[in-house]
Amino acid sequence: MIKTTPFHERLDQLNTTKRWGHWSGYLSALKYQMSPKQEYFAIRNSAGFFDTSPLYKFRITGRDSERLLAGVMTRDIRTCRPGRAQYTVWCDDRGFVLEDGVLFRHSATDFLLTAAEPNLGYLSDLVGRLDVTIEDVTDHYGMLAVQGPRSREILAKVAPGIEGLRYFEHTDTKIGSAAVTVSRTGYTGDLGYEVRVPRDDAIGVLDAVIEAGQGHGLRPFGEEALLMSRIEAGLVLINVEFSSSRLAYTDHDRITPKELGFGWMLKSIDDDTRPFIGRQALRRELAEKTSRWATVGLVLDWLDYDRVYNRAGLVPPKDETPLDYESMLYDDVGERVGYATSLMYSPVLQQHIAMARVRPDLASAGTRVNLELTINHHYETVAAAVTKLPFFNPPRKTA
């Protein structure tokens with residue numbers, strides 16, 4: 001049965017295309033107008049809002065909740081004070097990533113985890129005799145992402161106290177008479193916030209945000225604009241950059257945090273006071289340097305790209321729609337050295353960019369690889385340079 005989010009009644013009125021996708025059983029707008037690029041530029045130049053309600057939400061409470069989460073999450077939740085949030089992953093015993101999510105800490109014993117996939121059963125099975133209660137509260141709340149350089153100015157008009165929020169902080173406040181939680185988080189790589197609101201108050205809060213955005217260029221954006229912005233920001237997406245280890249058939253489809261570009265999450269891995277799931281396998285990987293891949297960015301050589309298409313008698317396409325399949329990478333002698341997981345033409349950078357996985361010895365910035373394209377039913381390669389992620393990282397995101 002397809003469900004609708006708490007904001008759907010209003011978003012359906014705004015969606016002139018009536019194009020909806022399915023996200024965790026909910027209808028989710030793909031785009032509100034025929035050109036998603038206009039919605040994308042709202043994120044980068046003014047502000048846009050996106051309905052993130054389909055994210056799963058798990059409330060984790062009880063005297064031992066920190067102890068449980070410290071033993072599951074790759075990042076150390078003990079270092080996260082109330083009022084802050086952590087982006088994190090969790091792994092299986094072999095150190096392969098199961099999933100990722102954002103963990104909000106409300107108090108010493110009260111947490112809320114958002115994730116793209118259901119995890120209630122997995123987490124509940126780990127509780128054992130600990131004093132922990134885990135509840136799926138997904139349907140209790142709507143979540144609205146307000147993203148873009150004017151997002152702070154817009155939200156500050158209706159949500160007192162959010163101006164001083166720092167990156168990955170959250171606070172409880174009110175919009176109108178509705179109690180909400182506002183966090184300085186998002187999935188666009190830009191200045192942005194997310195508003196969590198009880199289901200029954202969602203429409204009123206959305207209307208207040210829309211009214212506050214009058215004169216600021218605020219507009220709704222759908223999944224297509226979101227996917228453009230997240231690639232520029234170098235943010236991984238489950239089932240694109242990685243698959244959950246529990247659903248993968250072979251280790252080719254499994255990946256470790258180090259291989260996924262999250263080595264920074266492993267800084268405290270030698271802390272023996274926190275034996276989290278997968279720790280021993282990850283320590284061996286680091287000690288024995290057995291990582292198979294490094295996650296990097298690629299910037300395609302535009303002269304070579306144009307040359308290949310012109311030689312084929314074609315106008316070089318510059319499509320901001322991300323490709324939904326892998327593109328193989330080769331060195332100059334034709335040996336396969338990796339693959340690109342997400343490839344698009346960046347509207348703001350005016351370059352073809354890709355998130356990719358290469359052999360660790362090729363991960364240095366500036367290393368040349370060759371990306372495979374299919375043109376006129378023939379395989380062709382285009383030169384590309386390795387670069388660090390993210391591609392787009394404006395100071396306003398964290399300032």
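Just a few scattered comments:
- Residue count for region 104-138 satisfying the condition of being open to solvent by 40 Å² or more (accessible area, probe 1.4 Å) and closer than 20 Å to Ile277 by Cα: 13.
- The sole residue among Met355, Met328 that is under 26 Å from the mean Cα position of the chain (by Cα) and surrounded by 20 or more Cβ atoms within 10 Å (Cβ to Cβ) is Met355.
- Single residue of Pro54, Pro6 found to be within 30 Å of Met265 (Cα to Cα) and open to solvent by less than 30 Å² (accessible area, probe 1.4 Å): Pro54
- Matching residues, region 254-292, being of a type outside the set (A, V, I, L, M), in contact with a helix residue (DSSP H, G or I) (Cβ under 7 Å, 6 or more places away or on another chain) and within 25 Å of Ala233 (Cβ to Cβ): Arg254, Thr256, Pro257, Lys258, Ser291
- Screening region 224-245 for residues that are of a type outside the set (A, V, I, L, M, F, W, C) and under 12 Å from the mean Cα position of the chain (by Cα) and picking the one that is farthest from Pro394 (Cα to Cα) gives Asn239.
- Matching residues, region 267-320, being under 26 Å from Gln38 (Cβ atoms) and either loosely packed, with under 13 Cβ neighbours inside 10 Å or among the small types (Gly, Ala, Ser) (or both): Gly297, Val315, Pro317, Asp319
- Unmet criterion (only one of (1) surrounded by fewer than 16 Cβ atoms within 10 Å (Cβ to Cβ); (2) at pLDDT below 95) for Ala365: (2)
- Here the helices (runs of 4 or more DSSP H) wholly within region 56-158 that include at least 1 residues being farther than 21 Å from Asp190 by Cβ and among the polar types (S, T, N, Q) are 65-72, 120-125.
- Residue, farthest from Asp253 (Cα to Cα), within region 304-346, restricted to residues that are in a strand (DSSP E or B) and in contact (Cβ under 8 Å) with a residue 60 or more places away in the chain: Ser346
- Any chance Arg78 is in contact with a Cys (Cβ under 8 Å, 6 or more places away or on another chain), modelled with pLDDT of 95 or more and either open to solvent by 10 Å² or more (accessible area, probe 1.4 Å) or closer than 27 Å to Gly213 by Cβ (or both): no
- Pro257 being surrounded by fewer than 21 Cβ atoms within 10 Å (Cβ to Cβ), in a loop (DSSP other than H, G, I, E, B) and of a type outside the set (S, T, N, Q): no
- Candidates Asp172, Asp190, Asp200, filtered to the one that is outside any strand (DSSP E or B) and open to solvent by 40 Å² or more (accessible area, probe 1.4 Å): Asp200
- Filter result (under 24 Å from Arg230 (Cβ atoms) and open to solvent by less than 50 Å² (accessible area, probe 1.4 Å)) within region 331-348: Gly338, Tyr339, Ala340, Thr341, Ser342, Leu343, Met344, Tyr345, Ser346, Pro347
- Near pairs, Cβ below 6 angstrom, 6+ apart or cross-chain, from region 33-59 (within 19 Å of Thr17 (Cα to Cα)) to any residue that is part of a helix (DSSP H, G or I) and open to solvent by 40 Å² or more (accessible area, probe 1.4 Å): Pro36/Glu224
The values are calculated or read from the model by the stated rules, or taken from the named source; none is laboratory data. Bear in mind that the values here come from a model prediction, so they are computed numbers and not experimental data. Positions of Cβ are backbone-derived with ideal geometry, glycine not excepted, and every protein chain shown enters the neighbour counts. Protein only, heavy atoms only, side chains kept; ligands, DNA and RNA dropped before computing areas. Shrake-Rupley method; radii C 1.70, N 1.55, O 1.52, S 1.80 Å.
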